[in-house]
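The values are calculated or read from the model by the stated rules, or taken from the named source; none is laboratory data. Remember, predicted model here, so these are calculated numbers, not experimental data. Positions of Cβ are generated from backbone atoms using ideal geometry, with glycine treated the same way; all protein chains shown enter the neighbour counts. Accessible surface is based on the protein model in full, side chains and every heavy atom, while ligands, DNA and RNA are left aside. Shrake-Rupley method; radii C 1.70, N 1.55, O 1.52, S 1.80 Å.
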Amino acid sequence: MRQFLTESQLEALLSLYSERDFPSNTREAVRLRIIHGHTYELAEFITGVSRRNIYNGVKKLQVAHDTIMETYGRDGGVKQ
């Protein structure tokens, strides 16, 4: 999987979600998948979170990231 978020971007996005939306085990599983490049199976084995929940979490973060980047753009939304 191509890493589409840096670690700081991932933490910023996760800070927008409540513990209910992203429980701590799911956060850890998503970190393993996105930052460390683990497979869904390995992340599931390490954290106990199902592959489906890991996939859905990654997808949710990817959509949020794409929306933010589209809205603010690469320049932070500042017009020159």
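Summary table
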{"read-out": "Helical segments meeting 20 Å axial Cα length and Kyte-Doolittle -1.0 threshold in the chain (DSSP H)", "value": "51-72"}
{"read-out": "Carbon + sulfur, % of accessible area of the stretch 1-52 - ligands and nucleic acids excluded, 1.4 Å", "value": "49 percent"}
{"read-out": "Given charges at Cβ of Lys, Arg, Asp, Glu: the chain dipole, positive-most of Thr67, Asn25, Ile35", "value": "Thr67"}
{"read-out": "Test item: Cα-centred dipole of the chain, Lys/Arg +1 and Asp/Glu -1 on Cβ, debye", "value": "160 debye"}
{"read-out": "Summed side-chain charge close to Arg31 - residues other than Arg31 whose Cβ falls under 10 Å, Lys, Arg +1, Asp, Glu -1", "value": "-1"}
{"read-out": "Share of alpha-carbon pairs per 10 Å distance bin for the chain, given as whole %", "value": "18, 50, 23, 7, 1"}
{"read-out": "Potential extension, Lys60-Leu16 segment - 0.36 nm per residue separation minus Cα distance", "value": "14.7 nm"}
